[in-house]
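J.: I am attaching a structure below and will ask some questions about it afterwards.
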Amino acid sequence: MEIKLTEGKKELFAVTHPFFKGEGYRFQSKRPVLYRKEFENFYVQLYLQFAIKLGNHLSGPFRISFKEVEKIILEIGIPTNSFEHIKKGDNILLTIHDIHAKDYVDAITKLNFKKLDSFRQWGHAIVDYAQGPGKAFINTYSYLPNVLKEMDRLEAEGKNTNEILVGLADRRFRGLIISKLCSDPNFEEKVASRDEVFYKVPQLKDWIPYYNKLKERLKTIEPLYPYYKNV
């Protein structure tokens, strides 16, 4: 017997709603379906994706949106998105994501959503993540200098900053904004490195006007946080 999605959602939300409500999150039922909590300087968000036909339902790990970063991204703009849905208030721009929640993601992908009980198991997987690795992610990376520290670690190890920053070319915008906000003594070096990318990669030629606008805007940004090595 095929499970109706409405029945599955009822089982899922019976587990997740009480937890997230108790933690102060707001539930958004329209797409994108998500739980979101607002703090003074940032938002925390976890999305849910329902695939009506395939049954490959998903929920993402936590993502954080830093207000002081994303207001500049919205101001500068990018060539691949007009941000109309953001300007209408339907969604927010996101700064960083937790991509290391492998056990949580694996647990969900292994579920058989043809069984009603799987939706309740999904809910418990979400709550277990939110109480454990997800909470640790928020506690660490809701402080912006720790994001810069992780960016620097990734680059020092020859890894990609997309392991912490959200976006494609725009993640490089976010990285420079974070660098400036966090009193990074290597800020100018980072700008020079991004110059090599935006000015010399032919596929990014449409990004150059936006990058130039960002560089001008960066000159006006006052640091808000101490450099992480000085704390």
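The values are calculated or read from the model by the stated rules, or taken from the named source; none is laboratory data. As the structure is a computational prediction, the values presented were derived from the model and not from experiment. Positions of Cβ are generated from backbone atoms using ideal geometry, with glycine treated the same way; all protein chains shown enter the neighbour counts. Quick note on the areas: whole protein, heavy atoms, side chains included, nothing else; ligands and nucleic acids left out. Shrake-Rupley method; radii C 1.70, N 1.55, O 1.52, S 1.80 Å.
J.: Provide the net charge surrounding residue 46, with neighbours chosen by a C-beta distance below 9 Å and charges set as Lys +1, Arg +1, Asp -1, Glu -1. Present the calculation step by step, with values, prior to reporting the outcome.
T.: Working: positive: 36, 63; negative: none.
My count for the surroundings of residue 46 gives +2.
J.: Among the trypsin sites (Lys or Arg not before Pro) within segment 164-231, which fall in a DSSP loop and have no more than 12 other Cβ atoms within 10 Å of their own Cβ? Could the numbers behind the result be given before it?
T.: Details: sites: 171, 172, 174, 180, 190, 194, 200, 205, 213, 215, 217, 219, 229; in loops: 200, 219.
Here the trypsin sites (Lys or Arg not before Pro) that fit, given the DSSP loop and packing criteria, are 200, 219.
J.: How long are the three semi-axes of the equivalent ellipsoid of the chain, in whole Å, if each is the root of 5 times an eigenvalue of the C-alpha gyration tensor, listed from largest down? Let's see the in-between values first.
T.: Details: eigenvalues 251, 72, 54 Å².
One finds semi-axes of 35, 19, 16 Å for the chain.
J.: Run the 1.4 Å probe and let me know the accessible area of residue 220, rounded to the nearest 10 Å².
T.: Only protein atoms counted, so the area is about 90 Å².
J.: Another question, if that's okay. How high is the FRET efficiency from residue 131 to residue 90, r the C-beta distance, R0 35 Å, rounded to 0.05?
T.: On the way: r = 29 Å, r/R0 = 0.83.
Efficiency for this residue pair is about 0.75.
J.: For residue 4, which lysines qualify as cross-link partners when the Cα separation must be under 17 Å and same-chain residues fewer than eight apart are set aside?
T.: Within reach: 53, 114, 115.
J.: Moving to a separate point now. Among 107, 51, 125, whose mean-square fluctuation peaks in a Gaussian network model of the chain (Cα, cutoff 10 Å)?
T.: 51
J.: Leaving ligands, DNA and RNA out of it, work out the accessible area of residue 94 with a 1.4 Å probe and give it in Å² to the nearest 10.
T.: Surface accessible to solvent at residue 94 totals approximately 30 Å².
J.: Take the alpha carbon atoms of segment 181-231, find their center, do the same for segment 107-167, and report the distance between the two centers in whole angstrom.
T.: Going from one Cα centre to the other spans 26 Å.
J.: Net charge within 9 Å of residue 141 by Cβ-Cβ distance, Lys/Arg positive one each and Asp/Glu negative one each, not counting residue 141 itself? Please report the intermediate quantities before stating the final value.
T.: Numbers: positive: none; negative: 98, 150.
Summing Lys and Arg as +1 and Asp and Glu as -1 gives -2.
J.: Now for a separate question. How about segment 104-201: which GluC sites (Glu not before Pro) there are in a DSSP loop, with at most 15 other Cβ atoms within 10 Å of their Cβ?
T.: Details: sites: 150, 155, 157, 163, 188, 189, 196; in loops: 157.
Answer by residue number: 157.
J.: Moving to a separate point now. Once both axes come from the Cα atoms, what is the angle between helix 67-76 and the longest principal axis of the chain, in degrees from 0 to 90, rounded to 10?
T.: Approximately 70 degrees, to the nearest 10.
J.: Right, another one. If you plug each phi of segment 8-18 into the Karplus form 6.51 cos²θ - 1.76 cosθ + 1.60 with θ = phi - 60°, what whole-Hz ³J(HN,Hα) values come out, in order, with x for Gly and Pro?
T.: x, 4, 4, 5, 4, 6, 5, 8, 7, 4, x
J.: Loop only per DSSP, at most 15 neighbouring Cβ atoms within 10 Å: give me the trypsin sites (Lys or Arg not before Pro) in segment 1-71, ordered by residue number.
T.: On the way: sites: 4, 9, 10, 21, 26, 30, 36, 37, 53, 63, 67, 71; in loops: 4, 30, 53.
Hits after loop and neighbour filter: 4, 30, 53.
J.: Next up: Please list 68, 23 from largest to smallest accessible area, probe radius 1.4 Å, with all protein chains kept in place.
T.: Working: 68 20, 23 90 Å².
These residues rank, largest area first, as 23, 68.
J.: Right, another one. Which value, in debye to the nearest 20, describes the size of the charge dipole of the chain about its Cα centre when Lys and Arg Cβ atoms bear +1, Asp and Glu Cβ atoms bear -1, and nothing else is charged? Intermediate values should be presented prior to the final figure.
T.: Details: 37 positive and 30 negative charges, 133 e Å.
For the chain, the charge dipole is close to 640 debye.
J.: Using a basic spin-label model with each label point 7 Å from the Cα along Cα→Cβ, how many nm lie between residue 224 and residue 155?
T.: That separation, rounded to one decimal, is 2.0 nm.
J.: For 225, 47, what's the largest-to-smallest order of accessible area, 1.4 Å probe?
T.: Details: 225 40, 47 65 Å².
In descending accessible area the options line up as 47, 225.
J.: Expected output is a single nm value to one decimal: the length gained when fully extending between residue 99 and residue 10, i.e. 0.36 nm times separation in residues minus the C-alpha distance. What is it?
T.: Values: separation 89, 0.36 × 89 = 32.04 nm, distance 2.77 nm.
Going from the current span to full extension adds 29.3 nm.
J.: Further question: Output the relative contact order of the chain, whole-number percent, from Cα pairs under 8 angstrom with separation of 6+ residues.
T.: Values: 283 pairs, mean separation 43.8, N = 231.
This gives 19 percent for the chain.
J.: Averaging over every viewing direction, what projected area does the convex hull of the Cα atoms of segment 140-226 cover, in nm²? Each step should come with its number before you reach the end.
T.: Values: hull surface 22.6 nm².
One quarter of the hull surface, i.e. the mean projection, equals 5.6 nm².
J.: Using a Cα-Cα cut-off of under 17 Å, which aspartates and glutamates could be cross-linked to residue 200, ignoring same-chain neighbours fewer than 8 residues away?
T.: Within the straight-line limit of under 17 Å, residue 200 reaches these aspartates and glutamates: 170, 189.
J.: Given H placed on each backbone N at 1.01 Å, which residues far from residue 33 in sequence or on other chains put an amide H within less than 5 Å of it?
T.: Under 5 Å from the amide H of residue 33: 48.
J.: Under a straight-distance cross-link criterion of Cα-Cα below 21 Å, which lysines are reachable from residue 219, leaving out those fewer than 8 residues away in the same chain?
T.: Output for residue 219: 67, 71, 180, 190.
J.: Please give the length that would be gained between residue 2 and residue 29 if that part of the chain were fully extended, namely 0.36 nm times their separation in residues minus their C-alpha to C-alpha distance (nm, one decimal).
T.: Numbers: separation 27, 0.36 × 27 = 9.72 nm, distance 2.34 nm.
7.4 nm is the gain from fully extending residue 2 to residue 29.
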